[in-house]
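Accompanying notes for the structure given below.
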């Protein structure tokens, strides 16, 4: 799976995503932002598929990185740690 396919998969699950410099930034779309047409992005994380599958996210104010062997494991982790409100 490449970064574009991963973006499509996360977006189909309901996460907001955008790419920059080969890294996929994602999170949960929140309330309306301070500027017209913007919004707050909650529970953000970034995913890199360069050489290995890694996710970076914050726990409190501490940056944390976790490595995965498969995309399936990564998606399971994202769903558990960053659940979408239903």
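The values are calculated or read from the model by the stated rules, or taken from the named source; none is laboratory data. Source: prediction; values computed, not measured. Glycine also receives a Cβ, built like all others from the backbone with ideal geometry; neighbour counts cover every protein chain displayed.
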- [ ] Identify all residues within the range 27-61 that are more than 16 Å from residue 85 (Cβ to Cβ) and in contact (Cβ under 8 Å) with a residue 24 or more places away in the chain; write none if there are none.
- [x] 45, 47, 48, 49, 50, 57
Open item on the list: Restricting to the range 34-62, name every residue that is under 21 Å from residue 22 (Cβ atoms) and more than 14 Å from the chain's Cα centre (by Cα).
Closed with: 50, 51, 52
Task: Complete set of residues in the range 10-20 that are closer than 14 Å to residue 79 by Cβ and crowded, with 16+ Cβ neighbours inside 10 Å - done: 10, 15
Open item on the list: I want to confirm something. Restricting to the range 21-33 and keeping residues that are exposed (fewer than 11 other Cβ atoms within 10 Å of the Cβ) and part of a loop (DSSP other than H, G, I, E, B), which single residue is farthest from the chain's Cα centre (by Cα)?
Closed with: 21
Task: strands (runs of 3 or more DSSP E) contained entirely in the range 37-86, each with at least 3 residues that are modelled with pLDDT under 90 - done: 39-48
Open item on the list: Restricting to the range 1-25, name every residue that is within 17 Å of residue 82 (Cα to Cα) and touching a residue at least 24 places away in the same chain (Cβ under 8 Å).
Closed with: 6, 9, 10, 13, 14, 15, 16, 24
